[in-house]
1. Net charge near Ile164, counting Lys/Arg +1 and Asp/Glu -1 over other residues with Cβ under 11 Å of its Cβ?
2. Please tell me which of these pairs span more than 24 angstrom C-alpha to C-alpha: Lys95/Lys155; Lys51/Lys138; Lys177/Lys216; Lys32/Lys95; Lys219/Lys261; Lys219/Lys267?
3. I need the helices of the chain that pass two filters: whole DSSP H segments spanning 24 Å or more by Cα along the axis, and mean Kyte-Doolittle score no lower than -1.0.
4. Compute the length gained on full extension between Asp119 and Glu262: take 0.36 nm times their separation in residues and subtract their Cα-Cα distance, giving the result in nm to one decimal.
5. Please give the length that would be gained between Gln110 and Lys91 if that part of the chain were fully extended, namely 0.36 nm times their separation in residues minus their C-alpha to C-alpha distance (nm, one decimal).
6. Take the alpha carbon atoms of region 13-91, find their center, do the same for region 266-309, and report the distance between the two centers in whole angstrom.
7. Which value results when the Cα radius of gyration for the chain is divided by 2.2 N^0.38 Å?
8. At 37 °C and 0.692 mPa s, what whole-number value in µm²/s does Stokes-Einstein give for the translational diffusion of region 164-309, with Rh from the Kirkwood sum over Cα pairs?
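Throughout, read-outs are computed from the coordinates displayed, never taken from laboratory work. Note that the structure is predicted; figures quoted are calculated from it, not measured. Using ideal geometry, Cβ is built from the backbone for each residue, glycine included, and neighbour counts are taken over all protein chains shown.
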Amino acid sequence: MPAILSNIMKKTKLLAGIQLEGDIIRILVVDKENLTTYNQPIEYHLSEDEKENIPEVLKRELLGLNIGEPIDAVVGLPISVSLIKNLKLPKMDKKDLMEAIEWNIKEEMQTIKGDTIYDFDILGEENDMYNIIVVVAKKSDIERLEQIEKEAGIKILHIDSNPIALINISILQKERKGVLGEEDNAVCSLYIDEDISYIIYYQNGLSTETLSFKLKDFKTFEESEPELTKLINEINYFFLTVNEPPVVYIAGAILEYPDVKEYIQSKFIGKFAFVDIDPPEILGINYVGDKHPGVYAVPFGLIYRGLEE
């Protein structure tokens, strides 16, 4: 084969999980052949001007890794620009099912300004019914992410949802490293990060709740007491609407704030246990990084989606 075609015909061995959320971009690259993270993960804080040109930022950051070969990627859709809906529909053929889904989500699609796009997955079956999850997003947001492929020199395998990537990696941790008391089918993750916090819960469907607390606003316990109290109340309120699980997986930058994490945990002693999420251990990936790997739980969840292909 002529040398000029060698790179074109070469199948990439690198897979990236790219999380876009608030002011932060996180990029994790894994070598699929030896299951090792490539160099340090990237965590980049966007300026106001850079938010308008994320593909250019990604291109610059990826070039800075000096990889020199193609990269496949799964890109995460921020929770702020996606809408998640659970449906229970009778079993039917694919064409009728898609028509039924569109009819059931038309109200949600109308509440989003501009053209929308959706994707769905069948989570399971109960008797003659499907449990279905639907993610709805603006078409313009999807097209904006697709610009990354053109400008940053990567091939996008999937555009996923950040909270779904998180719950997927949490489900896998429960399956492979579950602790005593997790015999039921409920899985819950608490994500507390610099720019955004939310809780996501899966049991025959998904429930999500965005929380008001942001780590970047934390100063001291005394100064931040009102915000922490509000966070505790919001978590308690969420568990009035779902069955309380025995374990809540904790992820995000909170794992770099042990004092804050322990304070939050202390408010729920006797209700459920908190378990730090550890994606590289459950995926069998050799992690290279100077932060707790659970900070990168979403990029790892995106990579998990890519590895399943």
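1. Surrounding charge for Ile164 is -2.
2. Lys95/Lys155; Lys177/Lys216; Lys32/Lys95
3. For the chain, where a helix must reach 24 Å along its axis and average at least -1.0, the hits are 221-238.
4. Difference between extended and current length: 47.7 nm.
5. 4.2 nm
6. Using only Cα atoms to place each centre, the spacing works out to 16 Å.
7. Cα Rg divided by the expected 2.2 N^0.38 Å: 1.03.
8. 211
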